[in-house]
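The values are calculated or read from the model by the stated rules, or taken from the named source; none is laboratory data. Worth saying up front: this structure is predicted, and the values here are computed from it rather than measured. Glycine gets a Cβ as well: all are built from the backbone with ideal geometry, and neighbour counts include every protein chain shown.
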Amino acid sequence: MNEPISEIAARLIAISVVILFLLWEQLGWACFAGLGVIILFIPFQGLMGRLFQSVRRKTAQLTDTRIRIMNEIISGMRVIKMYTWEQPFQDLVAESRLKEIQRIRHSSLLKAINLSFYFVASRVILYACFVTFVYTGGKLSAESVFVTMAFFNTLRNTLTRHFPAGIAATAELVVACRRIQDFLVLDEIDDSNKPIEYMASVYSGKADGNGVPVSLEKPMKPVDDREKGVFIENMSVRWNDETLEPTLKDISVCVKSGELLAVIGSVGSGKSSLLMSILNELTITSGSMEVRGTVSYAPQESWAFIASVRDNILFGTEYNEQKYNNVVEVCALDRDFKLFPFGDKTICGERGVSLSGGQRARIGLARALYHEADIYLLDDPLSAVDARVAKHLFQKCAVEYLKDKARVLVTHQIQFLKEAHKILVLNDGKCIAFGTYAELWESGINFMSYINDDKPTETKTDKMLQLSEHRRLQRAVSFTSSLASSIVGSDVDRDQPRDVTESDEPKLKQETKMIGSIESSVYWDYVKAGAGPILIFVSFVSILISQILYQGSDFWLTIWTNEVDSDTSVDTNFNVIIYSALIGGLLVSALIRTTTFFVMCMRSSVNLHNRIFHSLLRAPIHVFDSQPIGRILNRFTKDTGIVDELLPATAFDLQMTLSLVIGALIANTIVNWYLIFPAILLCIVVFMCRYFYISAARDIKRLEGLSRSPVYSHVSTTLSGLSTVRAFGAQRMFETQFVRHLNDNTSTFFLFICTSRAFGILMDWVCVLYIGAVVAFIMSYDDLPGGDAGLALSSALTLTGMTQFGVKSSADLESHMTAVERMLEYSRIKPERELESRPDRKPVPEWPQTGEILFKDVSLRYNESPTKVLKAINCVLKGGEKVGVVGRTGAGKSSLVAALFRLTEPEGQILIDGVDIQTIGLHDLRRQIAIIPQEPVLFTGSVRKNLDPFGDRPDDHLWAALAEVQLRDVVTQLGGQLDALVTEGGSNFSVGQRQLVCLARAILRDNRVLVLDEATANVDHRTDALIQRTIREKFRFCTVITIAHRLHTIIDSDKVMVLDAGEVVECGIPHTLLEKSDGLFTKLVDQTEKHMSIRLRQMAKQYFTNKYDVYENDSLNEKDTESD
């Protein structure tokens, strides 16, 4: 910081010395009074620079916090709406915004002081020079006054604008550079085991100074003829240096080409950590690991980027039609592609076409298979699919397609373990057993303690799956839309496959781009948001008074010098008193002017942010499904930043410059009214030039804003799938795409700068012509007083630079107003229905008493979709019934949840205890329904806030709920216990533990209706059993709707609803449905393993018999009572 400031100071002093040398003839020693003011001004600006740096550093940290919160809110909006948590998160953002705006207000106050001095500094310097001159015996003449004024006006921009701006900009530059430096010096992963060609990298327990494992061998070329595979010996790893206990301890395992290793274990046992270690994402603390060959990876939490399905599978590799078709077939995606609107060209990713969980998982698996590698790491790719598809994927992919490769498969499905060459059993990061299925069985290993063979279920993500730099942007579950629904392997599909022609192309919804000039209503909305009538009046009056005093000081000097030139008696004291009063009044009015203006701008910024955030909370869920996160986040990052900091300064520059230009033109007109003609001509030429310039500059700025959103979206998407990107060695591809987005953005910004600079040169030449006209006028009038001539010429000289700066400021203002325009666009989003019911329709406090749900001709279509995803559903769910909802991928199961919670307004009627849910407020409805979502979402904050954000429950209730889900000990061990910090996305909890937190939320809500949206999909057997047992105990009198792929979780339900292509094809008691040999539910059961099918039928019959016997006994008891 010292070098730039010293250079600016040196340049300032050099200019000052030159000007003082030229002024010596006019003022003598009095010119040093002005030099003294300049010298005092330099340390003052140094102090301002340090204050700017301090405020900027604190502001940046607070802005980061607010943006992180906004990112989490936007990503988890579906969960927030279903939990009715809008108000707590609105309070959280308001608190974060308040802290940020307080710092921005301090920064604005410093800017106001700086700009006040900019406005009056040259007049203060002139005042010091002239008063010193007259009291040292000098006489003010027109020549001495206006020559001095011209010279100091030349010095003015350097002294009072560029120098303070340089100080502030340098301070902010230092803060930005330090923040970038802090990021660049973070630990980096050693990429030596991320080969594009075959390579072998051996890792010892040693690490370099950054804690990164040291590669003992360099990457080797394909000539390496050693056997490919993974060889681990006594390896211990940990997630980061802050973790005391190792994540994995003393693990020894080897997987060679042609071998399949199955990894099993309970929640938090370290299964995914093992895969992360092989991918070099974890720090090895002891032991060794040798990876021979290239690696391909299919993550458990499926990830996609904004591109076509084909591009997501190819992932930057060359397209081979035969290989591609084989991969699609073994991943059971061929049927899905026929049902997609554009086949495999359909856009998927962050917010494109919504895919079901099963489709996303299979696309991730297809990506791994298409990538040619020696080692395949499959983190339970069988997660979100039904039993038949799971068997297909295991047999066709893991066993047959990859038979010659080394494979590591994380799974919970015991029926597949027999076909694995080796099995690794993990528990709490330690190896419990390792060997073949027969060896482990003979040694007494109880697989049932880890996995239930009745449960072909899904796995979970191990604790802290995300790395510190792998900031997982948790996203709410994507509902299956009509455009992406599919039923894999079904022979009873009702939808005919859609023919996809080559002319069909997917269309991603583009961001709205405004055209034409900014409407006056946008300016007025901005002013109204920041000021009432009183503040507007005070601001306007202060501008008027300060400008009158500014020009008045010049006029008084004109009167004073004319008196001196006319040889009349001059009352020096009187003139000095009046001049002093004018300068003092100018100081006060300038400070009031800047303060009121920035107060108005700050209030406007706060209110605009609050308005769009409230609008976003009330927006329908399709707004978040149809737009990338970056596009929404752009309004709360760059646009809000412009409104916070750039817009107020630019607007003040414009109104100050405009008042100075108008004041100068009026001053010249008062000197002689003939000068009004060149002034009018000047205005006409300037406005014509501005008209052509602003039309280009405005649209260039709009393009710059539009090109910024893809940058944010790309970074967000890349970070969310960072481990996948690195596993495939696709860093270069994503870097190239990022550079392409960044180039689009910077090129438009550079074009904007070029146009503004060219326009500035044009305006300077226009002003030179005006000055020429003024000089010609002065020369043609011999009897013009010297004071008047000096005032006219000095005023005209100020227009040079001032006019072009003013027009540039007006263009910049209009460009910055596009940020306000974009924010106002989001403030006008059509909201959801009312949150609270009207008094005459508000349900009674005890509602619902029984929890009976009646569906009457219920249909559902997603926004702008021509196809219904639910079609005329009619069904009755009695109060207290346990209802299972089944169907293949894309059948409409999650859409049923959307209709029940009115995330998308359904057609038809849904009645709960006789109350039509569409007639009551959304909060009145959603507060009465508890949900355990498929993808559990935790937010940054305390454990307490994640359980009870409203703070309604006492601590003993929270501890009791945690005890019910067996998380009490886990939370107790955290520092701070209930106040312990949950990191971003809940990354310090495993997926299973996050699911248990969601169960604890449901227990605390104690509702009559509970929805489980595949809640046990990502947990092991123990956790699943715990959830099922807790639900039976805590919700035995509640209506429970369980959406599941795993039939064993719903086989003992009172009723099963079978969905197919959005229609209810069967609904009844499981045992009764299984008696229909051609029924869809029967086919679903028959498609499981043979022993599983037998077991499911036995469970259904046993439940039916028990229930029937109880019913019969109750009936007999009633008859006996009547006879008595």
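Assorted remarks:
- Test result for residue 571, of a type in the set (Asp, Glu) and more than 30 Å from residue 147 (Cα to Cα): no
- Annotation for the range 640-659: at least one member residue is of a type in the set (Val, Ile, Thr) and within 17 Å of the chain's Cα centre (by Cα).
- Test for residue 630: is it surrounded by fewer than 19 Cβ atoms within 10 Å (Cβ to Cβ) and either part of a helix (DSSP H, G or I) or touching a residue at least 60 places away in the same chain (Cβ under 8 Å) (or both): no
- Scan of the range 707-721 for residues that are surrounded by fewer than 21 Cβ atoms within 10 Å (Cβ to Cβ) and either aliphatic (A, V, I, L, M) or modelled with pLDDT of 80 or more (or both), ordered by number: 707, 711, 715, 719
- Residues within the range 1029-1053 that are buried (at least 18 other Cβ atoms within 10 Å of the Cβ) and under 26 Å from residue 899 (Cβ atoms), tallied: 17
- Selection of the range 177-190 for residues being free of Cβ contacts under 8 Å to residues at least 40 places away in the same chain and either surrounded by 14 or more Cβ atoms within 10 Å (Cβ to Cβ) or among the hydrophobic types (A, V, I, L, M, F, W, C) (or both) yields 177, 180, 183, 184, 185, 187.
- Residue match in the range 1064-1083 (condition: in contact (Cβ under 8 Å) with a residue 40 or more places away in the chain, among the basic types (Lys, Arg) and outside any strand (DSSP E or B)): yes
- Residue within the range 904-911 that is surrounded by fewer than 23 Cβ atoms within 10 Å (Cβ to Cβ) and closer than 30 Å to residue 382 by Cα present: yes
- Check on residue 802, in a helix (DSSP H, G or I), modelled with pLDDT of 85 or more and either more than 31 Å from the chain's Cα centre (by Cα) or closer than 23 Å to residue 704 by Cα (or both): no
- At least 2 residues being touching a Lys or Arg at 6+ places or on another chain (Cβ under 9 Å) and touching a residue at least 12 places away in the same chain (Cβ under 8 Å) is the threshold, and among the helices (runs of 4 or more DSSP H) wholly inside the range 942-1012 those reaching it are 943-947, 955-964, 991-1005.
- The range 297-310: number of residues that are part of a strand (DSSP E or B) and surrounded by 24 or more Cβ atoms within 10 Å (Cβ to Cβ): 2
- Residue in the range 1093-1106 that is basic (Lys, Arg), at pLDDT 85 or above and in contact with an Asp or Glu (Cβ under 8 Å, 6 or more places away or on another chain) present: no
- All of 1051, 1027 fail the test of being in a helix (DSSP H, G or I), modelled with pLDDT of 75 or more and either in the same structural domain as residue 1096 (by TED's automatic domain parsing) or not basic (Lys, Arg) (or both), apart from 1027.
- With respect to the conditions (1) touching a residue at least 12 places away in the same chain (Cβ under 8 Å); (2) in a helix (DSSP H, G or I), residue 739 falls short on a single one, namely (1).
- Verdict on residue 661 being over 24 Å from residue 740 (Cα atoms) and in contact (Cβ under 8 Å) with a residue 60 or more places away in the chain: yes
- Residue list for the range 313-342, restricted to those being surrounded by 21 or more Cβ atoms within 10 Å (Cβ to Cβ), part of a helix (DSSP H, G or I) and modelled with pLDDT under 80: 336, 339
- Of all residues in the range 575-612, those that are within 22 Å of residue 657 (Cα to Cα) and not hydroxyl-bearing (Ser, Thr, Tyr) total 17.
- Here residue 84 fulfils each of the conditions (1) crowded, with 17+ Cβ neighbours inside 10 Å; (2) in a helix (DSSP H, G or I) apart from (2).
- Test: residue in the range 926-938 that is closer than 22 Å to residue 91 by Cα and either assigned by TED's automatic domain parsing to the domain that holds residue 93 or of a type outside the set (A, V, I, L, M) (or both): yes
- Scanning the range 360-408 for residues that are under 36 Å from the mean Cα position of the chain (by Cα), modelled with pLDDT of 85 or more and of a type in the set (Ser, Thr, Tyr) yields 370, 376.
- Taken over the range 244-266, the criterion of being at pLDDT 85 or above, small (Gly, Ala, Ser) and buried (at least 19 other Cβ atoms within 10 Å of the Cβ) is satisfied by 262 alone.
- Criterion violated by residue 925 - all others in (1) farther than 22 Å from residue 858 by Cα; (2) of a type outside the set (Val, Ile, Thr); (3) part of a helix (DSSP H, G or I) satisfied: (1)
- Verdict on residue 840 being in a loop (DSSP other than H, G, I, E, B), more than 36 Å from the chain's Cα centre (by Cα) and of a type in the set (Asp, Glu): yes
- The residue that is nearest to the chain's Cα centre (by Cα), counting only those in the range 761-778 that are among the aromatic types (Phe, Trp, Tyr) and either under 13 Å from residue 794 (Cα atoms) or modelled with pLDDT under 80 (or both), is 770.
- Cβ-Cβ under 9 Å pairs, at least 6 apart or on other chains, the range 317-328 side within 15 Å of residue 402 (Cα to Cα), far side not in a helix (DSSP H, G or I): 323/372; 327/333
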